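One structure is given below, encoded as C-alpha cells.
FYI, it's all coordinate maths here, none of it is from the lab. All values reported here derive from a predicted model rather than from experimental measurement. We place every Cβ from the backbone using ideal geometry, glycine too, and count neighbours over all the protein chains shown.
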C-alpha cells in the first residue's frame, strides 16, 4: 500500500496511567491501537534561517502505531505552549505507512 499523507487534527483516547494513545478517530472512523511500535520526541525548530529562542521550538511526541486492522500510522501530540491549557494540546495524524 502506498503511503498516505494526512496532516489532520484527530481525536485521541489515551491510557489513563501511561498517557499513550489507545485509539484515534480520522474522518469519523475509529482506529484501535494494537501496538505502539516506536515513540520519539521532537524539540526542533522550523527550517528557516532566522535566529530562534527556546519558546519557538516544537514540542511534539510522535508515535508510530499499528491498529487492530493491521494498518500503520504516524501520529503526534503537539503539546503547544502550555501544558496546563487543553486548547493548546492537539493530536495530529501525519501519514499512513
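Quick rundown of the values:
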quantity	calculated
Neighbour-count order for 22, 12, fewest beta carbons within 10 angstrom listed first	22, 12
Computed FRET value (nearest 0.05) for residue 29 with residue 72, which takes r as the C-beta separation and R₀ as 22 Å	0.90
